[in-house]
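Reading through the C-alpha cells given below for one structure.
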Amino acid sequence: MVPLEFLVPSLHVVIITNMTERGVVKDRLNQLMYMEEDKILEGFHQEVQKERDKSWNDQHIKRRHFKEGDIVLLFESKFFQDPGKFRMHWLEPYEVKNVTAGGSVQLKYLRGT
C-alpha cells in the first residue's frame, strides 16, 4: 500500500525522499500551487451550479392554492428519514376547513371531526 503522502502531492514527499535538487522542489511547489488553485476553482464552479439548480427549481415550483371545501391528502413527513418503497406516504383524505391569510390550512377529517 502506498502512503498517502505519495498520492497527494505535499512537501513531506520532498523531505522523505531526500529530493535535494532545486528543480524537483520547485516542480513540487508548482504542483501544490496548481492543486490549490484547482480546489478553489472547483469550489467556485460547484457554488455556481448549485445557484443555477436552485433558481431553476424555484422557477418550476407549482403554487397550490386551497379553498374551503377542497379534499386533500396530508403528506406524512416522517418518511423523509425512512422512505420505504411500499409504505403509504399519505394520510387519509381531509377536507380544508379554513385557509388563513398567511397560507396555513386548517383541516378536518371527512368523518366530521
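What single numbered condition from (1) part of a helix (DSSP H, G or I); (2) at pLDDT below 80; (3) under 19 Å from the mean Cα position of the chain (by Cα) fails to hold for Phe44?
It fails just one condition, (2).
Taking into account only those residues within segment 68-96 that are hydrophobic (A, V, I, L, M, F, W, C) and modelled with pLDDT of 75 or more, which is nearest to the chain's Cα centre (by Cα)? Break it down into steps so the answer makes sense when it comes.
Filtering segment 68-96 down to residues hydrophobic (A, V, I, L, M, F, W, C) leaves 71-75, 79-80, 86, 88, 90-91, 96.
Right, trim to modelled with pLDDT of 75 or more and you get 71-75, 91, 96.
Working: Ile71: 33, Val72: 29, Leu73: 27, Leu74: 25, Phe75: 22, Leu91: 27, Val96: 33 Å.
The qualifying residue nearest to the chain's Cα centre (by Cα) is Phe75.
If we scan segment 54-68, do we find a residue that is touching a strand residue (DSSP E or B) at 6+ places or on another chain (Cβ under 8 Å), under 30 Å from Asn98 (Cα atoms) and of a type in the set (D, E, K, R)?
Taking segment 54-68 as the starting set, the residues that turn out to be touching a strand residue (DSSP E or B) at 6+ places or on another chain (Cβ under 8 Å) are 66-68.
With the extra rule that they be under 30 Å from Asn98 (Cα atoms), the set shrinks to 66-68.
Then keep just the ones that are of a type in the set (D, E, K, R); that gives 67-68.
Yes, because at least one residue in segment 54-68 is touching a strand residue (DSSP E or B) at 6+ places or on another chain (Cβ under 8 Å), under 30 Å from Asn98 (Cα atoms) and of a type in the set (D, E, K, R).
The values are calculated or read from the model by the stated rules, or taken from the named source; none is laboratory data. Remember, it's a predicted structure, so these values are computed and weren't measured experimentally. Here the Cβ is made from the backbone with ideal geometry for all residues, glycine too, and neighbour counts use every protein chain on show.
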